Amino acid sequence: MAPRIHVVINPGSGKPKPILHTLNAVFQPRDIEWEISLTRKSGDAERFARQAAENGADIVAAYGGDGTVMEVARGLMGLETPLAIFPGGTANLMAVELGIPKDLSKAAELAVDEHSAIHSIDVGRSGAGYFLLRIGMGFPARKVEYADRELKDRFGVMAYTLAALKAIKAQDEANYHLTVDGKSFDIRTLACEVYNAGNMGVAGTSPVPGISVEDGLLDLVVLREKASRTLLTHDIEHSIRPGDDLFDHWQARQICIESDPPQPVHIDGEMVGTTPVTIDILPRAIRVLAPRGGQQGENAR
């Protein structure tokens, strides 16, 4: 029996494309029953996703960027209904993390392919909300702040590189007090991030090895002070080479971060205030459709 699919669409994401025509070309020949919801404001995607699941949708898909994907994921937390990701944003990092094609037609085909897999992935949580990707403080947050919608519309994914150059030249180091599963550390740094997913937009890239959305752990990554001084005219996230020893790295289930002075904070690309923050992990909190063999921990459909 063909699955019932509900697609939550953020019409403000990406570039103008014939989205409905593409989806219909995939679904109609397979006799798939499908419907859509269009978001207008923050919170719509979460509400639409939960309503669709409660009304019997077999799959709820998110078309948009990583922010839209996280909103839909929030709506599906605690439910068995799997999430399908249809990349429609600028970076689409969670799609890259799970090996989901960036081409909309191929991503839709994956969602209805009986040979695809369901991955049970972790979700991070802080007082400011949930996240699939990461929370960043200092330089990473300033980069997000500078990469506004106007810059992304003009330059696409290159907007993040331009924003990074501007952010890192601010040279705003801070003193951080870190509590990692009850153990305390003090460090001075330009950049501090807590990862659930480690990729940087290209499959296989990560600041440190071993970051996984399926291991039940958070990864705290801090740029070392001496390293920050050598990177003041570069984009950190695209200057990393295998063997570089630029970061301190901890894995934990709960992390508390304070800083002096307080630093800006982003969650999955959304500015949410300043430090301090307390973060923990919710293991296997949502189910996501992805290619078989892309990550560990997959389950048969």
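The values are calculated or read from the model by the stated rules, or taken from the named source; none is laboratory data. The structure presented is a predicted model; accordingly, all values stated were derived computationally and were not measured. Note: ideal-geometry Cβ built from the backbone for every residue, glycine included; neighbour counts use all protein chains shown.
If L79 satisfies every condition in (1) surrounded by fewer than 23 Cβ atoms within 10 Å (Cβ to Cβ); (2) assigned to a helix (DSSP H, G or I); (3) touching a residue at least 24 places away in the same chain (Cβ under 8 Å) but one, which is the exception?
All conditions pass for L79, except number (2).
Hey, can you tell me all the residues within region 125-157 that are in a loop (DSSP other than H, G, I, E, B) and at pLDDT 90 or above? Reasoning before the result, please.
So the first thing to find is which residues in region 125-157 are in a loop (DSSP other than H, G, I, E, B), and the list is 127-128, 132-133, 147-148, 156-157.
Answer for region 125-157, where residues must be in a loop (DSSP other than H, G, I, E, B) and at pLDDT 90 or above: L132, L133.
Kindly check whether there is at least one residue in region 158-172 that is among the aliphatic types (A, V, I, L, M), surrounded by 15 or more Cβ atoms within 10 Å (Cβ to Cβ) and modelled with pLDDT of 85 or more.
No: region 158-172 contains no residue that is among the aliphatic types (A, V, I, L, M), surrounded by 15 or more Cβ atoms within 10 Å (Cβ to Cβ) and modelled with pLDDT of 85 or more.
Among the residues of region 63-108, what is the count of those that are among the basic types (K, R) and in contact with a strand residue (DSSP E or B) (Cβ under 9 Å, 6 or more places away or on another chain)?
So the answer is 2.
Just need a number here: residues in region 255-301 that are part of a strand (DSSP E or B), farther than 21 Å from M70 by Cα and at pLDDT below 90.
2
Name the residues in region 20-36 that are in contact with a strand residue (DSSP E or B) (Cβ under 7 Å, 6 or more places away or on another chain) and either surrounded by fewer than 19 Cβ atoms within 10 Å (Cβ to Cβ) or basic (K, R) (or both), would you?
Within region 20-36, E33, E35, I36 qualify.
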